[in-house]
Amino acid sequence: AYEIKECDWSSDVCSSDLITRQFDLAVVALESPLKGVHDDARGQRHKLIASAKDLVANAMARDTVDKVRKLQTQWQGVAKTLPLPRRDENALWMEFKTATDGIFAARDAARAASQAEANAKAAERAAVIDTVSALARDDNAADIKRGLAEADKAWRAAPEAPRPQAAKLDARYRAARDAATKRIAEIAAKASQARHEALAAAMALCDERESGAEGDWDAKWSALTHLPDAWRGKLEARYKGAANADKAFGDWLLNLEVACSLESPPEFQAARQQLKIRALKTAMEGRQPAVTTPADLERWLIDAAAQPRPDTVARERLAKILAVVKRRA
């Protein structure tokens, strides 16, 4: 493309400066097409770098990784077909790699932030579960009930946990709550047993005193624990000899035996049948079924226990009734 003129070495015109200028022109003429190719190659690389930088803002998009892989494949293709001088190639590659690394760094940071948020939500619910789990080791039923009410409120107010953790947390909460509720029932059963054992002790104490036996009765009576105040009030009248026999005593025993599914002694079968007939008549007149409530059972039991000087048969019947009531409790 460029012709170097012949030089007459015998002439002053053919100087070293002329040769240098002609050589430079020749180099420019040779490098000009290559320069255009390199500029085009740089332009394509810069476009790929810009595309990679644009992906950082949408790093968490579902197709971002596929787009990054596509850019990397395009870069490899350009590098093979349009190579650049090593210095330029390395500089542009580092810029491209920094951009793609930034995409994955942004994804990692977003995932870490999301995981931290999810863990915080799960931790808040786990803290409520721990509180409820501790209630199952409490010995005060009122405290457990109050704690459960507060925990239910806190559970509803807590942020929703991520779906993979939500089901497990819900199951743990239900299990902890069931354990606390079971503890309430255990405490109630234990308290009921203690009350009925105290009732049996009070009845035995009254029987001994009424028999005329000697003993430090007042000290023993004062030592009775777990006897509810309402029960103690009625039984104390018997203990002090201030209670009067009540003709309803027989009906109380029959009602208790029916409620406890106990057989009545043969001599009381007729009275029991009459009692059933009267109850049925009352229910029909009131158009309501005859239902024995726990309050009825407790009232009959305490009234019967407070009956002064029961005979041997009555005491045995009461003992059987009290045994069934304790077992059911």
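The values are calculated or read from the model by the stated rules, or taken from the named source; none is laboratory data. This is a predicted model, so every value here is computed, not measured. With ideal geometry, Cβ positions are generated from the backbone for all residues, glycine too; neighbour counts draw on all protein chains shown. The area values use the complete protein model at the heavy-atom level, side chains included, leaving out ligands, DNA and RNA. Shrake-Rupley method; radii C 1.70, N 1.55, O 1.52, S 1.80 Å.
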Q | Dimensionless Rg ratio for segment 103-203, taking C-alpha atoms and the 2.2 N^0.38 Å reference | A | 1.60
Q) Any idea what the relative contact order of segment 217-329 is, in percent, if you count C-alpha pairs under 8 Å spaced at least 6 apart? A) 41 percent
**Q.** Where a label projected 7 Å from the Cα of His226 along Cα→Cβ would reach, residues of segment 192-213 with amide N under 18 Å
**A.** 192-206
Q | Projected area averaged over orientations for segment 118-171, convex hull of C-alpha atoms, nm² | A | 3.5 nm²
Q | Potential extension, Gln76-Ala105 segment - 0.36 nm per residue separation minus Cα distance | A | 8.2 nm
Q. Under Stokes-Einstein, with the Kirkwood radius over Cα pairs standing in for Rh, what whole-number D in µm²/s applies to the chain at 4 °C and 1.567 mPa s?
A. 43 µm²/s
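Considering only protein heavy atoms and a 1.4 Å probe, what is the carbon-and-sulfur percentage of the accessible area of the chain? Intermediate values should be presented prior to the final figure.
On the way: 11680 of 21400 Å².
Of all accessible area on the chain, carbon and sulfur atoms account for 55 percent.
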Q | Per-selection metrics, segment 214-326 (Cα): Rg and Dmax in Å | A | 15.8, 54
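Using only the Cα atoms, work out Rg/Rh for segment 200-242, with Rh taken as the Kirkwood radius, to two decimals. Kindly include the intermediate steps, with their values, before the conclusion.
Working: Rg = 9.7 Å, Rh = 10.5 Å.
Reported Rg/Rh (Cα atoms, Kirkwood Rh): 0.93.
Using a Förster radius of 41 Å, what is the FRET efficiency between Ala188 and Ala120 based on their Cβ-Cβ separation? Nearest 0.05, please.
Working: r = 38 Å, r/R0 = 0.92.
Calculated transfer efficiency: 0.60.
Given segment 32-123, report the % of alpha carbon pairs whose separation exceeds 21 Å.
Cα-Cα pairs of segment 32-123 separated by over 21 Å account for 42 percent.
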Q) For segment 46-190, with only Lys/Arg (+1) and Asp/Glu (-1) charged at the beta-carbon, what is the dipole magnitude about the Cα centre, in debye rounded to 20? A) 360 debye
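Against the empirical 2.2 N^0.38 Å scaling, what ratio does the C-alpha Rg of segment 125-274 come to? Walk me through the numbers before you get to the answer.
Numbers: Rg = 24.3 Å, N = 150, 2.2 N^0.38 = 14.8 Å.
It is 1.65.
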**Q.** Most fluctuating residue given options Ala120, Ala219, Ala149, as computed from a GNM of the chain linking Cα atoms under 10 Å
**A.** Ala219
Q. Of Ile144, Gly36, Pro85, whose Cα points farthest to the positive end of the dipole of the chain (charges on the beta-carbon: +1 Lys, Arg; -1 Asp, Glu; origin at the Cα centre)?
A. Ile144
Q. What residue among Asn119, Asn90, Asn255 shows peak mean-square fluctuation when the chain is described by a Gaussian network model with Cα springs under 10 Å?
A. Asn90
**Q.** Residue-span extension gain [Arg156 to Asn244] - 0.36 nm each, minus C-alpha spacing
**A.** 26.0 nm
Q. In percent, how large is the relative contact order of the chain, given Cα pairs closer than 8 Å and 6 or more residues apart?
A. 13 percent
